[in-house]
Amino acid sequence: MRLDVLTIFPGYFAGPLETSLLGRAAERGLVDARVHDLRRWTHDVHRSVDDAPYGGGAGMVLKPQPFFDAVSELYGDLDARPRTIVLTPRGRLLDQRLVAELAAEPAMLLLCGRYEGIDERVHTRLAHDEVSIGDYVLAGGEAAACVLIEAVTRLLPGVMGNAESATDESFADGLLEHPQYTRPPEIEGLAVPEVLRSGDHGAVEAWRHEQALARTAEVRPDLLARWRERRAAARQDPMGEDPRVD
Ligand code: 6GU
């Protein structure tokens, strides 16, 4: 997947894009992420990317012109741009369904906001989607863009081994993960549950499912309610939509 990011803080992305899963995906040519400094498309001596809001009020607004010039230069024409996403707290909440949809795109353009936002005409003319990563306020869209890139990249073919991808089944299932243990069998007076060492695969599966249900009921009752609805619908209509995909 080809990824372009427009930001006034390109340095923000250096660590995340080089590290771990994203770094490996880039080395193997599975993602080609290019981070562009929005100031490259400023023309004044101060290289200013922001200006005061029309109508007054606190803070500054990112100017539209550098965005339009950047997109024209990167793709030749505004209408030749790939799926374009503005990261903004006013956007639609990112979830695994949207992540999976984006992972099917050949390319994406991510626009990172700062200050009080981006001139509305950038949203109007360029954004296919506006995306938020949660109900809290960040200083800008950069951290959110990193989150989106990591979530999408790990779904690209060849990025993860089978063992890792299998763990996806659990979230796609709509319940939170069951607890995991590794050696030693006891530490700090805490023992690994006996059933996990029993060798009884059926009992292990049943225990894990119970644990996932209990954990989901406790921390995410909203997810549990949706899981129950989907399961009921799937039982009524066994040939219907795959109930797993959230
Ligand atoms: Cl995408 N941007 C900002 N500034 N804050 C956020 C966000 C994005 N998502 C959640 N909070």
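For this structure, a couple of remarks:
- Just one of the listed residues (148, 110) is open to solvent by less than 40 Å² (accessible area, probe 1.4 Å), within 14 Å of the ligand (Cβ to nearest atom) and either assigned to a strand (DSSP E or B) or under 22 Å from residue 79 (Cβ atoms) (or both), and it is 110.
- Candidates are the residues of segment 113-142 that are in contact (Cβ under 8 Å) with a residue 60 or more places away in the chain and under 17 Å from the mean Cα position of the chain (by Cα); the one that is farthest from the ligand (Cβ to nearest atom) is 142.
- Any hit, segment 103-113, residues being modelled with pLDDT under 95, under 16 Å from residue 129 (Cβ atoms) and of a type outside the set (A, V, I, L, M, F, W, C): yes
- Residue that is farthest from residue 154 (Cα to Cα) [pool: residues in segment 95-113 that are touching a helix residue (DSSP H, G or I) at 6+ places or on another chain (Cβ under 8 Å) and not aliphatic (A, V, I, L, M)]: 112
- Members of segment 28-58 found to be in contact with a Pro (Cβ under 7 Å, 6 or more places away or on another chain) and not in a strand (DSSP E or B), listed by number: 38, 41, 42, 49
The values are calculated or read from the model by the stated rules, or taken from the named source; none is laboratory data. Every value quoted in this text rests on a predicted model; they were computed, and no experiment measured them. Because the Cβ atoms are built from the backbone with ideal geometry, glycine has one as well, and the counts that use them run over all protein chains shown. The area values use the complete protein model at the heavy-atom level, side chains included, leaving out ligands, DNA and RNA. Shrake-Rupley method; radii C 1.70, N 1.55, O 1.52, S 1.80 Å.
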